[in-house]
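Okay, so here's the structure we're looking at.
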Amino acid sequence: MVADVTAYNVGLFIHVLAVVLAFGPTFGYGIFIGFAETKAPNAVPAVLKAVNLTNRYLVTLAMVVVLAAGFYLLAEGDISASESWVQVGFVAIAILFGLVGGFFVPRTRKAIELAERDLTAGGGELSHEYRKVSAQMARVGQLAGLIVAVTIFFMVVKP
């Protein structure tokens, strides 16, 4: 059997790969941050800096590719922009862009500042103020993960 490699299929591959690269790492953030907070508080700033770097350069750039490839697939495929699964995808990517740029990047930056301040003060303890910011990021991270999962469901099932 010979594979049917078309420009559309390559565009679909790029779209799916970009989704994996954009959102896959984000599902591990809570594990990494939670581990550092409980087992290695001195590592919290480094973990948060890695999360921030990943959000700014991998997640954001891959989301641009997700959107661009989505537009390509819409233009080249036999797909209507009025399909519910297409609309869910566009709403989701808009919300996720807003969350990354408007919430996660600045909130993570604040968490880094607080963690560094707390650890510099000595005692290896993270303050209530830091924990409040971390809890906010965790709650919104769960929401973002739910948005990604629901969007993938819509893209695959196409209800």
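Some notes on this structure:
- Charge sum, other residues only, whose C-beta stays under 12 Å from VAL51's C-beta, Lys/Arg counted +1 and Asp/Glu -1: +4
- Near GLY30: Cβ cut-off under 12 Å, other residues only, Lys/Arg at +1 and Asp/Glu at -1. The net charge is 0.
- Here the alpha carbons of the chain define both size measures, Rg and Dmax, at 18.7, 66 Å.
- Sum of -39500 (n - 2.57) over DSSP H runs of 4+, divided by residues of the chain (222 nm, nearest 500): -24500 deg cm²/dmol
- Extension gain for ALA3 to ASN42 (0.36 nm times residue separation, less C-alpha to C-alpha distance): 8.9 nm.
- Zone residues, the range 67-97, relative to ILE14, backbone N less than 17 Å from point 7 Å out along Cα-to-Cβ: 67-78
- Report note on the peptides 41-49, 119-127, 81-89, 98-106: ranked by the mean count of other C-beta atoms within 10 Å, highest first, their order is 41-49, 98-106, 81-89, 119-127.
- Taking a sphere under 14 Å around the Cβ of VAL133 and counting the other residues whose Cβ falls inside, with K and R at +1 and D and E at -1, yields a net charge of +2.
Computed from the coordinates by the stated procedures, all read-outs in this text should not be read as laboratory data. In this text the structure is predicted, and so the values were computed from the model without any measurement. Quick reminder, even Gly has a Cβ in these numbers, built from the backbone with ideal geometry, and neighbours come from all protein chains shown.
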